[in-house]
1. How much of K181 can a 1.4 Å solvent probe reach, expressed as accessible area in Å² and rounded to 10?
2. Toward the positive end of the charge dipole of the range 198-297, about the Cα centre and with charges on Cβ (Lys, Arg +1; Asp, Glu -1), which of L226, C237, L266 goes farthest?
3. If I model the range 144-214 as equal point scatterers sitting on the Cα atoms and use the Debye formula, what is log10 I(q)/I(0) at q = 0.20, 0.22, 0.24 Å⁻¹?
4. Provide the solvent-accessible area of H64, counting protein heavy atoms only and rolling a 1.4 Å probe, rounded to the nearest 10 Å².
5. Residues with beta-carbon under 14 Å from that of V195, excluding V195: net charge, scoring Lys, Arg +1 and Asp, Glu -1?
6. Over the range 283-330, consider all pairs of different Cα atoms and compute the Kirkwood hydrodynamic radius from their mean reciprocal separation; express it in Å, one decimal.
7. Taking loop as defined by DSSP and a crowding limit of 16 other beta carbons within 10 Å, which GluC sites (Glu not before Pro) in the range 252-298 fit?
8. Kindly provide log₁₀ I(q)/I(0) values, in the same order as q = 0.14 Å⁻¹, from the Debye equation applied to equal alpha-carbon scatterers of the range 176-330.
Amino acid sequence: MAAYPILEYKAIVLFSAKFWQNASSFVCPKFDVCKLIKVRIAAMDHKRKESEIPVHSLEYGSTHVNILPLDYNNPYDYKREHRHAYFEIMLIARGGGNQLIDFNNYPALDNSCYIISPQQVHLMNRNGSLGTIIQFTEEKINSPELRAALKNHSFDEKAAVIFENRKDLLDGCMVLTNLIKEAIFRNTRESALSVTHLLCALVSLLLENRVHSEQVSSDQNKILLLHFYQLLDVHYCENLSVKGYVQKLSTTEKKLAAATSKYAGLSPLQVIHNRILLEAKRILLFEDSSHKEISFRLGFDSPSSFSTFIKSKTGLTPSELSKHLVEIHK
């Protein structure tokens, strides 16, 4: 059932229990309470659906790769916050615009590359920017090692920026991109294999040259942090303590603290809080939920503890934060 406001939900349940016990013989009262409730439910559903963040998938499914000009005619409203069910690489030759990715603002600079991972909240202001977009799903990467590397990269807090102001790298990426376009155009079984292998080569080149690339990918601290991020993405709303994550990771608090300090500059508790805060921002901006509903969804024991958490992290109340988020997304 839709997440209706609690009082209205209770009213609907009580009405259902009283009148719909024998639905086949039930006749609405003369003032047509049934119609009134149906209209109200429809209105709440409409309001809820309008506030939800749309998630867009590739038109031809997970086996397809799209290569499009940056200023192409989107099939959806790219000026409204949205999510993708696929990766999107932006190769920008001429900058000028900017984009919001999970509430972080990234200016679109000349000769730069950015990547949006699946399920990130995205809003693009093109403002004359020119370049190329490559869209693909994780399944299109046929190398398990490369797929894992791409997935792990998406957990990096600075993952959106691959490189900036690097014409040499952009030119190399465009060579591979144009080869992919030609293989797509040929549309044969052999060319389909070429598309897959060339895409893997492009992704590998990007990961190798990303701004925040670490020199030692086998560093145990880095691996531990990535596993922490993966667990956090699943359990962030379960009110797990640092000790709870440590147990799931089969490590120690000291080792986890060393990993988060080295690569994120934060304590494990701060990393947990940042993930909860990110989800709180998403809900406050895009959903019509009460603070009470949000607090329990995110594992808080009361709305007041949720408000205290938001205030301590942002200096704003939940209502003030909601207004602030609306302003920066206008």
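The values are calculated or read from the model by the stated rules, or taken from the named source; none is laboratory data. Computed from a prediction, not measured in an experiment: that's the story for all the values here. All Cβ positions, glycine included, derive from the backbone under ideal geometry; neighbour counts span all protein chains shown. Quick note on the areas: whole protein, heavy atoms, side chains included, nothing else; ligands and nucleic acids left out. Shrake-Rupley method; radii C 1.70, N 1.55, O 1.52, S 1.80 Å.
1. Roll a 1.4 Å probe over it and K181 shows about 100 Å².
2. L266
3. Log10 of I(q)/I(0), two decimals: -0.88, -0.98, -1.06.
4. Its accessible surface works out to 60 Å², give or take rounding.
5. Summing Lys/Arg as +1 and Asp/Glu as -1 gives +1.
6. Taking the inverse mean of 1/r over all distinct Cα pairs, the range 283-330 comes out at 10.9 Å.
7. Values: sites: E253, E279, E287, E293; in loops: E287.
Of the GluC sites (Glu not before Pro), the ones in loops of the range 252-298 whose Cβ has at most 16 other Cβ atoms within 10 Å are E287.
8. Taken in order of the listed q values, log10 I(q)/I(0) reads -0.86.
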